[in-house]
1. For the chain, set up a Gaussian network in which alpha carbons nearer than 10 Å are linked by springs, and say which option among Val52, Val33, Val41 fluctuates the most.
2. From the C-alpha gyration tensor of region 5-71, pull out the three semi-axes of the equivalent ellipsoid (sqrt of 5λ each), sorted largest to smallest, in whole Å.
3. Using a 10 Å cut-off on Cβ atoms, rank the peptides 2-11, 17-26 from the highest mean neighbour count down.
4. Using the Cα centre as the reference, give the magnitude of the dipole from point charges on the C-beta atoms of the chain (Lys, Arg: +1; Asp, Glu: -1; all else neutral), rounded to the nearest 20 debye.
5. Using a Gaussian network model on the chain with a 10 Å cutoff between Cα atoms, which of Asn59, Asn30, Asn38 fluctuates the most?
6. How tilted is helix 49-59 with respect to the longest principal axis of the chain? Cα atoms for both, answer in degrees (0 to 90, nearest 10).
7. How do Thr48, Thr40 stack up against each other in accessible area, from largest to smallest, with a 1.4 angstrom probe?
Amino acid sequence: NGYYFSYWNKCIHGSRDFSDMVYVKNIIFNKDVFIQFNSTVGEFVGYTELGVYNAELWNKDPNLLQQWRAQVET
């Protein structure tokens, strides 16, 4: 009878030198991914109506995108 909110961050790589590292963050609401950032894509992607709305807003902010794109380096 409540809401479920979570997120997870993951770094994925296949090489030993991490040169192919990909950073992924999924934001989940009620057990459905509604928005994702993937460093390969370089911007937010929405999967629900709310996710699309937020992705459009967040992708318009160059400072926010720069922050998230830099996550793969950290």
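1. Per the Cα network of the chain with a 10 Å cutoff, Val41 tops the list.
2. Working through the eigenvalues yields semi-axes of 22, 15, 8 Å.
3. 17-26, 2-11
4. Computed charge dipole of the chain: roughly 180 debye.
5. In the Gaussian network model the winner is Asn30.
6. Roughly 40 degrees, rounded to the nearest 10.
7. Working: Thr48 50, Thr40 105 Å².
From most exposed to least exposed: Thr40, Thr48.
The values are calculated or read from the model by the stated rules, or taken from the named source; none is laboratory data. Quick caveat, the model's predicted, so the values are computed rather than measured. As a convention, Cβ positions derive from the backbone with ideal geometry for all residues, glycine included, and neighbour counts pool all protein chains shown. With ligands, DNA and RNA removed, areas are computed over all heavy atoms of the protein, side chains included. Shrake-Rupley method; radii C 1.70, N 1.55, O 1.52, S 1.80 Å.
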